[in-house]
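Structure first, then comments.
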Amino acid sequence: MQNIHSAMAMNLQDNILIHIWRKLWINAEKIATVVTIAAAFFNIGFWLENSNSFRSGLFDPFVTPKVQLFDVCFLITVVIYLFKYFTCKPKEDIKTPIFSSHRKKILTVISVAIALVLASSILGLNPSNSVFFILRLAECIGIYIILKSGIFQSDKLVSLLSNLGIFQSVLAIWQVIIGRSIGLNILGESPISTNISGVAKFTLFGNEILRGYGTFPHANILGGVLAGIFTLVLVSENKSKYYYVKLAILALGILSTGSRAAILGVILTVIFTLFISKNSLNRLIKTILITGISLALAIIAIRFATQNNIFKERLSGYFISQEIIFENPIFGVGPGNYTLALDSKAGLSAWEIQPVHSIPILIMAEIGLPSGLIIIAMLVLFFWRRILWAKNKTIAIILTLSPLLLFDHCFWDIPQALIIFTIFLFLISKFDRERLKMNTEDTVLGKYKQRLGRSPRFRHNTHVSNI
């Protein structure tokens, strides 16, 4: 009898393990995607140092490729998708975004963009360095296609990003308070302190204060990421009971980074959100709130901007980038090679060897005017189309990202930021698809058509209905 009970217990244990394994395997692609997205928030990996890494005496991360945890997780995710696609039975419900989720027009545009970037890479200053940029771009396209397959609902993805953003905000605030890193090297935290030269700091009331890095390579990168997440939470339709707590933590996290572009993006977003708000706040209260928030954040931004002649430094960088563009107008200096091109400029100190703080200018400098203008036009059209036929939350996200694209460089040449920016673009596209399910009269262009329709001048114009 005892042997029978033991056999039954072992059989039950085996059944439980088999059941757990089957559940994990059924959801393997979703689990792998979640881990991949989370890995993008942690600067874990190792550098592939080369002859250009220490050419100026200091380490140059912009020309030194880095294999990161995200790369490994993404590769595992793709392998799972491919394995399931080729081995599972057709009757099973398996998502296969890599093979079935794209359109010919999208593939054509992507192919043209990749071809142009590839030509610039081959003819650039350092083709081997540009290869890693091509691989990173392929990862971005891959994660976009995977997300577009519908593996996540938009609110679930926003919830995942908000939880990661809150962790980063708390970590950044903690770093600012103690004035140094807290020792999470295993998660990719940089060794930072107010006593270390070259670490981002700002001066407040005569005191030097560390800017929050989180587990990102620089405070500006974290600021840009948190600004995007802040807006996603702000315009979220599924507001939890911790809605305002999340916003407060994210806002403090943004302020702790001292990122001027992120703060400006938040200013524009908060003003826009209050302006279109349909709650019971009357016009006077809205005006007071908008004015107060704008002044408070503007004062903080101005204090940061006046440190170390920041405007002169930025203008100098813009003039130098103009020279680089004119010297290499067709194919540029190659993706990821901007700092190499700065070596030919006399009179620059080591800390000035950094990308220009404007993604449109940086793109044209690295891949040339023809291909650069095409890619910039694609991004502008992507935004513009969604501004015309979009919900207000899409416009709010674009307002947040615009200063980061115009006055920073992290969403182009920093791998972590580039991956997260791709996720932001997907969510913008996702919100755009959701507007197809709503009344088009609620969109920006729909309201414009209504105004034209009510106007006596255009009431009988047959072209109005075709705008």
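Any read-out appearing in this document is the output of simple, stated calculations on the displayed coordinates, not a laboratory observation. In this text, all values refer to a predicted model and were calculated from it rather than measured experimentally. Using ideal geometry, Cβ is built from the backbone for each residue, glycine included, and neighbour counts are taken over all protein chains shown.
Ranked highest first by average number of other Cβ atoms within 10 Å, how do 246-255, 406-415 line up?
Ranking the peptides 246-255, 406-415 by packing returns 406-415, 246-255.
Contour minus end-to-end for residue 197 and residue 178, with contour as 0.36 nm per residue of separation and end-to-end as the Cα-Cα distance?
The span from residue 197 to residue 178 would gain 5.1 nm if fully extended.
If you take the alpha carbon atoms of segment 179-280 and fit the smallest convex hull around them, that volume is 128 Å³ per residue. For a distance above 13 Å, tell me the whole-number percent of Cα pairs in segment 315-369 that qualify. Everything past 13 Å amounts to 50 percent.
The alpha carbon centroids of segment 218-264 and segment 354-408 are separated by 20 Å. Each of residue 313 and residue 378 was given a label point 7 Å from its Cα along the Cα-to-Cβ line. The distance between the two points is 3.3 nm.
Over segment 169-248, Cα pairs under 8 Å with separation of 6+ residues give a relative contact order of 24 percent. Taking a ≥ b ≥ c as the square roots of the eigenvalues of the Cα gyration tensor, segment 28-75 is prolate, since a/c reaches 1.5 or more and a/b is larger than b/c. Tell me whether segment 116-227 comes out rounded, prolate or oblate; compute the Cα gyration tensor, take square roots of the eigenvalues as a ≥ b ≥ c, and use a/c under 1.5 as the rounded threshold. Because a/c hits 1.5 or more and a/b fails to exceed b/c, segment 116-227 counts as oblate.
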